[in-house]
Structures are given as C-alpha cells and as structure tokens.
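Engineer: Sharing a structure below in structure tokens format, with a few things to ask.
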2 protein chains.
Amino acid sequence: MHDGTVTSLFSADARAFLPSAIRALAPLLNDPSVLSFAAGVPNAETFPARALGEAAERVLASMPARALQYDVTRGFLPLRERIAERTARRGLSGDATDTILTTGSQQGLDLLSRVLLDPGDVVLVEVPTYVGALATFAARRARPVGVRRNEDGLDLEHLTEVVTRLRAEGSIVKALYTIPNFQNPSGLSMNGPAKDRLALAAEELSLFVLEDDPYGELSFGDAGAYDATPLASRSPSSVAYLGSFSKTLAAGFRVGWIQGPPVLLARLELGKQSMDLCSSTFTAAILESYLAHEDYDAHIDGLRDFYRGRKETLLGAMAAHFPPSLSWTDPKGGLFTWVTLPEGLDARTLLPKCVAETRTAYVPGESFVVEGDGRRFLRMTFAKESPPNLVEGARRLGAFFRGEIG
Amino acid sequence: MHDGTVTSLFSADARAFLPSAIRALAPLLNDPSVLSFAAGVPNAETFPARALGEAAERVLASMPARALQYDVTRGFLPLRERIAERTARRGLSGDATDTILTTGSQQGLDLLSRVLLDPGDVVLVEVPTYVGALATFAARRARPVGVRRNEDGLDLEHLTEVVTRLRAEGSIVKALYTIPNFQNPSGLSMNGPAKDRLALAAEELSLFVLEDDPYGELSFGDAGAYDATPLASRSPSSVAYLGSFSKTLAAGFRVGWIQGPPVLLARLELGKQSMDLCSSTFTAAILESYLAHEDYDAHIDGLRDFYRGRKETLLGAMAAHFPPSLSWTDPKGGLFTWVTLPEGLDARTLLPKCVAETRTAYVPGESFVVEGDGRRFLRMTFAKESPPNLVEGARRLGAFFRGEIG
C-alpha cells in the first residue's frame, strides 16, 4: 500500500493524537553538552539499583515460574497488598482488591480516560497541567477545559463558574484531573484545608476526580509540615487515585497503580484485560520483594534530602542570577519550579537561541497551558544536573534573559 | 458518589467491554486438583529463569541508570535491533526504526486497534480466532466479521465474498486479523503457498493485515518442513507484524513488538506515548542481554522438542480414548488443538458437569467463534500438564464424552 492509503485508514482518535511538544524538542535537549533543566524525569542515580538487583535474585530464586508467567489483570497480589497497606497510612481506605497495577501511572490515566471519557466530554484540568495527561485526553478526543491554580490550590470560584457555564451550555463535564502535591509543571501544592475545600466543591458539583500523585512522598519539609494526604482519603467514592513507583524506585520498571471505588475498578479491570492482559509480573514482584526486605521509608527520606538539596541550590542560584522581572515558584516537594517571564518574552521562540548561545535548556510552558497565554512560562527541573551545573546553568540563563529584556 | 452515579459516567467504549469468558471460568479452572487443558499460557517451566537472572545482573551492573529510567517510546533500541536482525532472517525487511516495543503483543493489538479502527468499522477475523483480539476490537466498538479458516489456510473465496458484500452494503472494512502460524485456538497453520495466496488476495482487496505471530517459532517439524515466514515478508507495506517473547522467554516480562510500514509506526508511536510513555526498559534490557549472551536458537529448539513431545502424548491418548465421533486438529506447532464434538453436544454447558465428574477442564470454543455455531467446539492445550496427566486427562475426558453421547 502507498503511505497515503495507510494514513487513510487512521481512526478519528489517531488523527487527534497530540505530538509531544517536549519530545519534539529532544534533538535540542538530548545533546549531552547542554545543561538541562528540561528533563521531566527523576534522577536515575537515586534509584536503588543494588537493592533492586538483590530483589530480582530473590524473586527468581523463590518463585521463578510465577514471576515469569502472566498474572491476573489487576496484577501481582502481594504488591497490591503492600500498596494498600502503605496508602492506608496516608488515609486511603481501599484494600488490595480496590487496587489495579498499571504500566506506570500514564497507563492509569489512559485506562481511566477510556473508561470515563467519550469524544467531546469535558475533563477539567489545572492551568498549568501535566502535558502527558493532555495527550491522553486528546487521544480520546475529550475536551480539556482549564481551571486556574494558584499558590493556595485550585481556584474554586473559577471551578464553580466554569462547571456551571459548561453545564448550562449542555456540555458533559465528566471529571476533574488534578495533581494536588508538588505539581508537574508548576511545583505548586495544596495544603490540607485546600484539599478539604476542593473535595467538598467536587462533591457539590458532582465531579469525579482523577487524582494524580506521583510526587506525593517527595516532600521537602519535616514530616507533618505539609499535609500530603490524598483527596481520595476525603472522598473515596468519587476519586480515582493514581500512584507510581516511577519517581522513587525505578521509572523503567513502569509500575504504577489506581485505587478507586469497586464499581470503577471492575470496569478498569475489563479495560486493562483488552489492553495488555496484565502489566509485568516480574517488575511488580521485584518491587514487592524490595518493599518486604528494605527500608523504603529511609530510602524516601534520602530522596527528599537529595531533591531538597538540589532545589535549594537551584533556587538560590536563580535568586542570585535571574533578573528581578522574572518570578518562580518555591516547590515544597517534587522535581519542578515554574518560571514566569516578563511581559513580551516568549519562552518557546527563545529556546533555540538560548540553547545555541548558552548551552542551557528548559521546557517552554505553552504546552502545559490549555487556556490563556502560556508563552511567558517555562518549566525547570532540578532533578538532573549536579549542584555545580545547577548554579552554572542558572547563571547562564540569568544572563541570557537579562540580555533579552535589554 | 453512589455506584450508579459512577457507572453513569462510563464511556460508550467501556460499556462495550467484553468480559473474558475464559477468565470468568477461572474459579472452575484454577482449582489445582483439576487437570487442566484449559490454560491459554505457555509452560512457565520452559522459561530460562537462571539465564534471565544472569542477564538481569549484567544489565544492573553495566547500565543501572539506563535500565531503570524511562526510555524512548519505541523502546530499548538494542533490543529492537536484535528483533529486526532476527525477523530479517524470517524475511521481514524493516530495521529497528520500523519496530516498536509493546507490553506483550496484546498491547500491540490494542495500539493497532486504536490507530486503525473507529466504532462500527469492520475488522475481518478468522473463524475461530483469538478471544483476546475480539476483546480488544470490542473495546473499540469495531465490528468483527468472520472468515472461515480450514486446514489449508483462510478460505479466500469466502474472504472475497464477505468483503465484496460488506463494501456493497457501505461498511468500512479496515483490516484483516490473522494468526497464520499454529493458530490459537485452532492449532491450524498456513503453508507457504497459502500465505502467498492470502497476501495476494489481501492486496487485491486493499485489506490492511494485522498478522499476529506469537507461536511462529514453535514449529514441531524439522527446520524447513514448515514455511513459517510471515505474511509481512510478502507485503511489507500493508502488514503490521506482531511478535512476542511471551511464549518463548517470559510471559511475565510483557515484551512484544510491532513491525510495520514507517507511516504507521510514526502514528503508533504517538499513540503509545499517550498510553504509557514506554514499556519497561528493564525487562527489554534483560531480554537484549539474554539474546546477546545465550543461544536463543538452541533454547527455541528445546521448546519445540518440549511442546512436540507433549502434543504427541496428548494426541496419542486422545486417539486411544476419545470416541470416534469426536475429531480434532493435529497442530504443526504452538500450544493448542481444537476439538469438534458430535452434533448435539454443547461444550460450554457440559463444562461444569465435566469438571465436577472428571476433575478435568477444557475451554469451550464458543467465545472464539464470531459467526456460526461455536457450541460444538472446545480448545485443549498440551502446555500445562505433565505427560502422565495428559494421558490421564484424555482418558477421563474420553470416558465423559462417551457417556454424554450415550
């Protein structure tokens, strides 16, 4: 067949697939001589490779046939039990049955989108929000509509106004997608009362909530200083909680999960069966063995120290070197800070020049922003570069933006 | 929210999800005291656990950060290179770029369905066909239409007739789904000339072909005795080839792949990005290291001996114990034989009685059959039970059916 014949076969969904703006920048960003604030990934040096290797050995010694075989669709039960125990400590009420393993939480988002969203359905998203979720919603031809997020949490007046208007127009508003803790890309968080208020508002508006929480355990504060309890602990019957080991143990294992009400889980299970039968038994069994034999909490504490140190280094250097007309968020956890440029600068059009002149890269914010002008924003991560490189990169970027402001 | 409120949110696709008839039988089939011809899975004892463990060690010693990190969406390049080298020996022309790793070939089917099928589109399937593919097509609300399969291959007259009729009715016939080699569930195969004829017919009818080949290397014959070259080697521009390591190395690793024309691969990549970013880097890297250090061909030869031996044992016992009014296929490879009961017997309604009376289980054929009466058929695998159990199970089943025929 000719290429044109093949493309003529593409489904309406496939025609709506959203190319990743970030992955499109890869040639610019993956040059190893470029200092990168752009990566959207954790620092792989923080992954406990040796302990995971020992866990792999234990798994293959103790249950080779099971670990190498297909599993039930909800996934390796002993890991689901550990997940449910652990999230119970954070206020979730479900048990292992109310948990389904997914190929990272990205697959969780996709699975939830397939089960909940028809073409044209509205899914409310934060402004800004995770670009990978927008790609997933686009692949369902759902309609993302933005709700403002600020330092305190979601703007609930705006939420109510948007939902009321959309419903008056006859739109079907299916769900609200939120990352309450240490959000990607903004680095913003919701404190406990903000979560209480959001849970209440969602209930009043009859909104089902997709709560994405890949960073929830990566708080920089002392235990108790920040309330990272999930929304799902407040409204278990109307929240699907998405968790992940990708930021804490091994992104390359692709192990995430969804916890939610039983009636939803049953349908997610059917959907996942048709999607891939089950996720990897082997990587799930390794994580379970890791959790059984190692001190995961101590490991998490180490990660928090690691990322807090990097964050402080970067933000300190930004304060020293960035011009005063730029502002940025001070994240309480996670991997990102969100920078606002002065009126008139466009982060995307400046990027090629910035990389060429300074050998330093960031991610333009535009593709994270579904409504309003996203051109003044950019995302920076402190996860990848060493402390000296964080300082040097901030210095270079500061000089670059100073020059652009003129 | 009440359960009813949550279910009211389900998408049209989710309402069409097809519960797996086989998984629904699990309580009956998973009783360890029941001799099972029902499992649809390879024998996990054949997986090279020790060599895979050594490969895992090598991977974690040599590239921990890479193996534990996210990968590009098409997946771990060195494995794609080995796959392309290996399939080139079987006649495929694409290289690593024309290959995308998937979470088992089930995800490959799902990905292809999302890219190619709109609700209502026709996908032609063999009668009988793999029930997991039917679940995937159902989740897209596509319309599977059956084409007869016989000892020689697909019934091409029937294929032409069906396509002509459907198109005259205004239906959109998007693709043909086929398992040419050692089919699940029928155990039937197509020899070389049958594949040549099918490739030609598909071209004449402008049918894109989804070629599912999880069993292609598990031939029971001498090398050369059966032509297992893929359809994709005959029509590379109009075939998506689905391969898998699930039957040969480790189902629980969930590593499969698609090879196909570049214009399709680019769209599959976008789709997969939104679905899970990438499949597991770690399991892909382990398989690559295994292929680099071990003699995979020798391992495959061992598998062929293993399954051939089991097949001969089972079919020998069936010939000795089954009543003459039953017939079955003699597979040239793979894991299954397909049994036809005499007129009047219904494999599904008999199953509970059979399990209760004989402690022996099979899979009723009905859910593999999209058109015509599937009640007289059942699928048996020789993959799971030991040779003495295969004989004993065949003896019990033979006595049971003899009693039912009366």
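A short reminder: the numbers here are calculations on the coordinates, not readings from a lab. Owing to the predicted nature of the structure, the values given are computational and were not obtained by experimental measurement. All Cβ positions, glycine included, derive from the backbone under ideal geometry; neighbour counts span all protein chains shown.
Engineer: Between region A:344-406 and region B:56-111, what's the alpha-carbon centroid distance in Å?
Structural biologist: 33
Engineer: Something else about it: Answer rounded, prolate or oblate for region B:123-162, using the Cα gyration tensor with square roots of eigenvalues a ≥ b ≥ c: rounded when a/c is under 1.5, else prolate when a/b is larger than b/c, else oblate. Mind dumping the intermediate values first?
Structural biologist: Details: a/c = 4.50, a/b = 1.74, b/c = 2.58.
It comes out oblate by the Cα gyration axes.
Engineer: At q = 0.26 Å⁻¹, what is the base-10 log of I(q)/I(0) for region B:102-168 according to the Debye formula with one equal point scatterer per Cα and no solvent? Please give it to two decimals.
Structural biologist: Rounded to two decimals, the profile gives -1.13.
Engineer: If one puts a single equal scatterer on every Cα of region A:145-274 and applies the Debye formula without solvent, what log₁₀ I(q)/I(0) results at q = 0.09 Å⁻¹?
Structural biologist: Results for region A:145-274 at q = 0.09 Å⁻¹ read -0.28.
Engineer: Across the residues of B:265-273, average count of Cβ atoms on other protein chains within 10 Å?
Structural biologist: On the way: counts 0, 3, 8, 2, 4, 10, 8, 3, 10.
If you average over the peptide's residues, the count of other-chain Cβ atoms is 5.
Engineer: Next question, about the same structure. Could you put A:Phe306, A:Phe245 in order, starting from the residue whose Cβ has the fewest other Cβ atoms within 10 Å? Working shown, then result.
Structural biologist: Values: A:Phe306 16, A:Phe245 25.
Going from sparsest to densest Cβ surroundings: A:Phe306, A:Phe245.
Engineer: In deg cm²/dmol and to the nearest 500, what is the mean residue ellipticity at 222 nm of the protein assembly as shown if only DSSP H runs of at least 4 residues count, each as -39500 (n - 2.57), divided by the residue total? Can you show the working numbers first?
Structural biologist: Values: 32 runs with 364 residues, N = 812.
For the protein assembly as shown, the value works out to -13500 deg cm²/dmol.
Engineer: Moving on to the next point. If we count other beta carbons within 10 Å of each Cβ, what is the order of B:Asp95, A:Asp373, A:Asp98, fewest first?
Structural biologist: Working: B:Asp95 14, A:Asp373 11, A:Asp98 21.
Neighbour counts put them in this order, fewest first: A:Asp373, B:Asp95, A:Asp98.
Engineer: Report the Cα-based extents of region A:233-351 along its three principal axes, largest first, to the nearest Å.
Structural biologist: The Cα atoms of region A:233-351 stretch 52, 35, 32 Å along the principal axes, largest first.
Engineer: Please say if region A:219-272 is rounded, prolate or oblate, where rounded means a/c under 1.5 for a ≥ b ≥ c the square roots of the C-alpha gyration tensor eigenvalues, and otherwise the choice is prolate for a/b larger than b/c and oblate otherwise? Write out the running numbers ahead of the final one.
Structural biologist: Details: a/c = 5.51, a/b = 1.30, b/c = 4.24.
Oblate.
Engineer: Put the label 7 Å from Cα along Cα→Cβ for A:Pro323; what are its distances to the other copies, in nanometres, shortest first?
Structural biologist: 9.1
Engineer: Report the relative contact order of region B:95-145, percent, no decimals, based on alpha-carbon pairs under 8 angstrom and at least 6 residues apart. Mind showing how you got there, number by number?
Structural biologist: Working: 41 pairs, mean separation 21.1, N = 51.
Rounded, it is 41 percent for region B:95-145.
Engineer: Enter the Cα centre distance for the pair region A:195-230 and region B:229-287, rounded to the nearest angstrom.
Structural biologist: Each part reduced to its Cα centre gives a spacing of 37 Å.
Engineer: Among A:Gln106, A:Leu268, A:Met63, whose Cα lies farthest out toward the positive end of the dipole of the protein assembly as shown, if unit charges sit on the beta carbon of Lys, Arg (+1) and Asp, Glu (-1)?
Structural biologist: It is A:Leu268.
Engineer: Also, I was wondering about something else. Got a sec? How would A:Met190, A:Met1, A:Met63 order by Cβ neighbour count within 10 Å, fewest to most? Could the numbers behind the result be given before it?
Structural biologist: Working: A:Met190 24, A:Met1 21, A:Met63 17.
Placing the least packed residue first, the sequence is A:Met63, A:Met1, A:Met190.
Engineer: Something else about it: Classify region B:71-114 from the C-alpha gyration tensor, please: rounded if a/c falls under 1.5, else prolate or oblate depending on whether a/b exceeds b/c.
Structural biologist: Oblate, because a/c is 1.5 or more while a/b does not exceed b/c.
Engineer: Something else: Counting only other chains, and only Cβ atoms inside 10 Å, what mean value do you get across the residues of B:109-118? Before the final figure, lay out each step's value.
Structural biologist: Details: counts 3, 7, 3, 0, 4, 10, 9, 6, 5, 6.
For this peptide, the per-residue mean of nearby foreign Cβ atoms is 5.
Engineer: Right, here's the next one. Once the label point is placed 7 Å from Cα along Cβ, list for B:Thr340 the distances to the corresponding points in the other copies, in nm, shortest first.
Structural biologist: So the distances to the same position in the other copies read 7.5 nm.
Engineer: Over 24 Å between C-alpha atoms is what I'm after, so list which of B:Lys195/B:Lys272; A:Lys332/B:Lys272; B:Lys195/B:Lys384; A:Lys174/B:Lys174; B:Lys174/B:Lys195; B:Lys272/B:Lys384 land there. Spell out each step's value before the answer.
Structural biologist: Working: B:Lys195/B:Lys272 30 Å; A:Lys332/B:Lys272 32 Å; B:Lys195/B:Lys384 30 Å; A:Lys174/B:Lys174 31 Å; B:Lys174/B:Lys195 20 Å; B:Lys272/B:Lys384 33 Å.
Pairs exceeding 24 Å: B:Lys195/B:Lys272; A:Lys332/B:Lys272; B:Lys195/B:Lys384; A:Lys174/B:Lys174; B:Lys272/B:Lys384.
Engineer: Quick check on chain A: of the DSSP beta bridges with both residues there, what percent are antiparallel, nearest 5%? Can you show the working numbers first?
Structural biologist: Numbers: 20 of 40 bridges.
Here the antiparallel bridges make up roughly 50 percent for chain A.
Engineer: For region A:389-406, just list the computed ³J(HN,Hα) in residue order, Karplus coefficients 6.51, -1.76 and 1.60, θ = phi - 60°, integers in Hz, with x standing in for Gly and Pro.
Structural biologist: 5, 4, 5, 4, x, 5, 4, 5, 5, x, 5, 4, 5, 4, x, 5, 5, x
Engineer: Could I ask something else about it? For region A:285-406, restrict the atom set to alpha-carbon positions and state the Rg and Dmax in Å.
Structural biologist: 17.0, 57
Engineer: Next up: State, to one decimal in nm and shortest first, how far the label point of B:Gly406 sits from each corresponding label point in the other identical copies (label point: 7 angstrom along Cα-to-Cβ).
Structural biologist: 9.7
Engineer: Hey, another quick one. Which FRET efficiency value, to the nearest 0.05, is calculated for B:Ala26 and B:Ala399 with the Förster distance at 25 angstrom and r the Cβ-Cβ distance? Spell out each step's value before the answer.
Structural biologist: On the way: r = 25 Å, r/R0 = 1.01.
In this case the efficiency is close to 0.50.
Engineer: Viscosity 0.692 mPa s, temperature 37 °C: give me the Stokes-Einstein translational D for chain B in µm²/s, with Rh taken as the Kirkwood radius over C-alpha pairs. Present the calculation step by step, with values, prior to reporting the outcome.
Structural biologist: Working: Rh = 22.1 Å.
In µm²/s, the coefficient rounds to 148.
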